[in-house]
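Comments concern the structure below.
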Amino acid sequence: MGIFGRKTTDTAENTSAVATATAGAVSPDLAALTGDYTIDPAHSTIGFVARHAMVTNVKGSFKDFEGTLRLDGTDPARSTASLDITMDSIDTGSADRDGHLKSADFFKTDEFPAMTFRSTKAEALGGDGYRITGDLEILGTTKQISIDLEFNGAAKDPFGNERVGFEGKAEILRSEWGLTWNAALETGGVLVSDKIKLNFDISAIRNAG
């Protein structure tokens, strides 16, 4: 099933869709979902995971963000995504830790209030899998990352909103954006991992008009 299709358990329908795709034609369902969408923060999560003291994971998320998607059902490679995250909204479940992350040791939120992502490329990986590549800016430094996505389907909610859903993941090295603060452990290793896992659970609503 393509990224702009609707999930189905009908075997015959699946077979027909595969045959259509193989023939190079565009499924009406795919084309029907082409359009501009706004990410719904109330039903979306942007999270991260860092290794702490070499023995456990600390999870966190950003509570304030906004973003848009442009989905192209006739040519998924022309799809785009844009995301703006308010860094002061970071939440790891610990006020002290959140304060440290907002400080000059890490995100310097007074000087750099936002983290942004702007896509530059989209590609189909087969099935429900897709990859979107783009520029991630943190602390005024821009580096390219790739996010692997799984399309979760499309539906109309009880309020008449046309929604699409995605789950995504990526890994980055925070040091590449100048996030280098750390502390050595007596037993060896460091307090905070350089590798950070990013997780996205996105629900987006189609714009009216």
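The values are calculated or read from the model by the stated rules, or taken from the named source; none is laboratory data. From a predicted model like this one, the values you see are computed outputs, not experimental measurements. Heads up: the accessible areas ignore ligands, DNA and RNA and are worked out on the full protein's heavy atoms, side chains in. Shrake-Rupley method; radii C 1.70, N 1.55, O 1.52, S 1.80 Å.
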Exercise. For segment 106-116, in order, what is each residue's ³J(HN,Hα) by Karplus, 6.51 cos²θ - 1.76 cosθ + 1.60 with θ = phi - 60°, in whole Hz (x at glycine and Pro)?
Worked result: 10, 8, 6, 4, 5, 8, 10, x, 9, 10, 10
For this session: Once you've got the GNM for the chain with C-alpha springs shorter than 10 Å, pick whichever of LEU191, LEU136, LEU101 has the biggest mean-square fluctuation.
Result: LEU191
For this session: Would you calculate, for the chain, the mean residue ellipticity at 222 nm contributed by helices, counting each DSSP H stretch of 4 or more residues as -39,500 (n - 2.57) and dividing by all residues, to the nearest 500?
Result: -3500 deg cm²/dmol
Exercise. Per residue, how much accessible area does the chain have with a 1.4 Å probe, in Å²?
Worked result: 55
For this session: Go through segment 198-209 residue by residue and turn each phi into a ³J(HN,Hα) via Karplus (6.51, -1.76, 1.60, θ = phi - 60°); whole Hz please, and just put x for glycine and proline.
Result: 9, 10, 10, 10, 10, 10, 10, 9, 5, 5, 6, x
For this session: Determine the share of the chain's accessible area contributed by carbon and sulfur atoms, expressed in whole percent, with a 1.4 angstrom probe.
Result: 51
Exercise. GNM, the chain, Cα, under 10 Å: largest mean-square fluctuation among PRO76, PRO113, PRO158?
Worked result: PRO158
Exercise. Once amide H atoms are placed 1.01 Å from N in the peptide plane, what residues at a sequence separation of 5 or more from SER79, or on another chain, have their amide H within under 5 Å of its amide H?
Worked result: ASP72
Problem set entry | Where N is the number of residues in the chain, Cα Rg divided by 2.2 N^0.38 Å | 1.16
Seminar exercise, completed: As straight-line cross-link partners of LYS121, the qualifying lysines (C-alpha separation under 19 Å, not fewer than 8 residues apart within one chain) are LYS143, LYS169
